[in-house]
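Notes to accompany the following structure.
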Amino acid sequence: QVKCVEVVEAYIERIREVNPLTNAVVKDRFEEALEEARHVDELLSEGPSDESLEEKFPFLGVPITVKEAFALHGMPNTSGLVSRRNVIATSDAVVVSRLKQAGAIPLGVTNCSELCMWYESSNRVYGRTNNPYDLQRIVGGSSGGEGCVLAAACSVIGVGSDIGGSIRMPAFFNGVFGHKPTTGVVPNDGQFPNARGVRTSFLCTGPMCRYAEDLEPMLRVMAGPGVRKLKLDEKVSLEKIKFHCMDHDGGSIFVSPVDKEILQVQKKVVEHLEGELGIQVRRVAIHKMKYSFQIWSAMMSSKDSDGQEAQLFTDLLGDHGKPVWPLWELMKWLVGMSSHTFPAIALGLTEKLVKLNPGGNAKLVSMGKSLQDEMETLLGPDGVLLYPSHPTVAPKHHSPLCMPFNFAYTAIFNVLGLPVTQCPLGLSSEGLPLGIQLVAATYNDHLTLTVARYLEKAFGGWVFPGKA
């Protein structure tokens, strides 16, 4: 009914209208995108059967955006690091290449936090990205530009990555859907920084989108042959899912208490599931979740099975040059001379502290392994856990510095390797997105994706930011 060029033009127009306020798209490829759209229109006018095209190119002509940490040919690939300011990708990351082969048209790349290791998307290369529901608030990180672009209706689907919640926090703060797949299903190749050592088991690349129905087709394309490990063709009966619910982590001293409105909306989800499906949602209290931040931190810095040390963040900050000396960078930052952001410097400092307690770390790693077993047993082949996506709605800019460990609500599932879908649940009284995490046992992504589609119908899913 509409030409691909018209669709791409409409999204370009929308980015031009919104981006001066949000600063989410940090480099565009509008000319190339329009050229690619013209090719799509030519292909369609040649008139082969729609079915064969749909099978070959499931995303034919669909505008997408890509987190700047992923290589997209001809686009910058800095991950917000000043020393990489002139790095231009000469190839595509594997997932980007797969989406392009499926017919998707990239419009540009979106902002992230410095080296993708903080939950405010701000850096010294591109500046700060603002939340479309309230410009004074954060978009989350590290795939924050991506969450923002989707929420502001500037793109249809997007590529994110997640080692501590970097898909799910931005999806939550911006009221869209994001899926962290079971570990090891979607390739991480072609992003900077990529994981090494033990962290290869924690980093996940996954889909982000406004509509729940787009998650599964995106996951199929992004996973490629790896999709065989998942049960995406299995029919799911919602009534047969064993639902579990946990309101909070049990009261960690490092993490904020969960906001009242987040608890209320989670309660509404439980009531809806029980009322509509005639099932019983079981309340659980998993004691070890209280130590989520400590477990994530210890497992992130542990050695892998070959005894290889985890890569130091200070080495990454140096990007193949000399490792950065965080104390010196802090001195420079205080007088406005550092090319790094404060959260990156702070992470470099805390990394040094973690190394001082090897015995305590070993205990936490073993606690993480036993929590993994406990979760797998609890969820089994047909279980889904409802759990808050974050203790608060999107905070004001800079305020994460006061509560730096709140990302523990998402991070724990990275080290446990479980699939998680973040699902939006309307807006708070302040007009900010609410949401919930849906967690399943490994390779049961199909369960969380099915529940996300169901909750979207029940609670309305994405809400246009201009509505309020």
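Out of Val365, Val420, Val415, one residue alone is touching a Lys or Arg at 6+ places or on another chain (Cβ under 8 Å) and touching a residue at least 12 places away in the same chain (Cβ under 8 Å). It is Val420. State the number of residues belonging to the stretch 373-406 that are open to solvent by 10 Å² or more (accessible area, probe 1.4 Å) and either of a type in the set (Asp, Glu) or closer than 14 Å to Ile436 by Cα (or both). Number satisfying all stated conditions: 6. Taking the listed residues Val463, Val439, the one that is at pLDDT 95 or above, of a type in the set (A, V, I, L, M) and within 18 Å of Pro207 (Cα to Cα) is Val439, with no other qualifying. Applying a threshold of 6 Å to beta carbon distances and a minimum spacing of six or more residues, or different chains, the list of pairs starting in the stretch 372-385 at a residue that is in contact (Cβ under 8 Å) with a residue 24 or more places away in the chain and ending at one that is assigned to a helix (DSSP H, G or I) and open to solvent by less than 20 Å² (accessible area, probe 1.4 Å) reads Gln372/Leu416; Met375/Leu416; Val384/Leu447; Val384/Val451.
If I filter the stretch 118-129 for residues that are open to solvent by less than 10 Å² (accessible area, probe 1.4 Å), at pLDDT 95 or above and under 13 Å from the mean Cα position of the chain (by Cα), do I get at least one hit? Yes: one or more hits. Are any residues in the stretch 237-287 acidic (Asp, Glu), surrounded by 12 or more Cβ atoms within 10 Å (Cβ to Cβ) and in a helix (DSSP H, G or I), and if so, which ones? The answer is Glu261, Glu274, Glu276.
Summed over the stretch 407-436, residues that are within 22 Å of Leu364 (Cβ to Cβ) and either among the aromatic types (Phe, Trp, Tyr) or not in a helix (DSSP H, G or I) (or both) total 6. If only residues of the stretch 161-173 that are over 23 Å from Gln136 (Cβ atoms) and buried (at least 24 other Cβ atoms within 10 Å of the Cβ) are counted, the one that is modelled with the lowest pLDDT is Gly164.
The residues of the stretch 301-325 that are within 14 Å of Pro193 (Cα to Cα) and either modelled with pLDDT of 90 or more or of a type in the set (Ser, Thr, Tyr) (or both) amount to a single one, Thr314. Scanning the stretch 203-231 for residues that are in contact (Cβ under 8 Å) with a residue 60 or more places away in the chain, open to solvent by less than 10 Å² (accessible area, probe 1.4 Å) and either in a helix (DSSP H, G or I) or touching a Lys or Arg at 6+ places or on another chain (Cβ under 6 Å) (or both) yields Cys204, Ala212, Leu215, Met218, Leu219, Met222. For Glu234, the stated conditions do not hold, so it cannot be described as closer than 19 Å to Leu447 by Cα, open to solvent by 40 Å² or more (accessible area, probe 1.4 Å) and under 21 Å from the mean Cα position of the chain (by Cα).
Here is the figure for the stretch 108-117: residues that are in contact with a Lys or Arg (Cβ under 6 Å, 6 or more places away or on another chain) and either open to solvent by 10 Å² or more (accessible area, probe 1.4 Å) or of a type in the set (A, V, I, L, M) (or both) total 1. For the stretch 63-107, a residue qualifies if it is in a loop (DSSP other than H, G, I, E, B), among the polar types (S, T, N, Q) and open to solvent by 20 Å² or more (accessible area, probe 1.4 Å), and the qualifying residues are Asn86, Thr90, Ser91.
Yes or no, residue by residue, for (1) open to solvent by 10 Å² or more (accessible area, probe 1.4 Å); (2) in contact (Cβ under 8 Å) with a residue 24 or more places away in the chain; (3) assigned to a loop (DSSP other than H, G, I, E, B):
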position	(1), (2), (3)
Gly140	no, yes, yes
Gly145	no, yes, no
Ser155	no, yes, yes
Val159	no, yes, no
Gly175	no, yes, yes
His179	no, yes, no
Val186	yes, yes, yes
Asn194	yes, no, yes
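Summed over the stretch 261-300, the residues that are at pLDDT below 95 and of a type in the set (A, V, I, L, M) give a count of 4. Quick check, is Thr410 in contact with a His (Cβ under 9 Å, 6 or more places away or on another chain), under 16 Å from Trp296 (Cα atoms), surrounded by 24 or more Cβ atoms within 10 Å (Cβ to Cβ) and of a type in the set (S, T, N, Q)? Yes. Number of residues in the stretch 30-62 that are part of a loop (DSSP other than H, G, I, E, B) and either open to solvent by less than 80 Å² (accessible area, probe 1.4 Å) or touching a residue at least 24 places away in the same chain (Cβ under 8 Å) (or both): the value is 9.
The values are calculated or read from the model by the stated rules, or taken from the named source; none is laboratory data. All figures in this text were calculated on a predicted structure; none of them were measured in a lab. FYI the Cβ positions are ideal-geometry reconstructions off the backbone, even for glycines, and counts take in every protein chain you see. Surface areas here come from the heavy atoms of the whole protein model, side chains and all, with no ligands, DNA or RNA. Shrake-Rupley method; radii C 1.70, N 1.55, O 1.52, S 1.80 Å.
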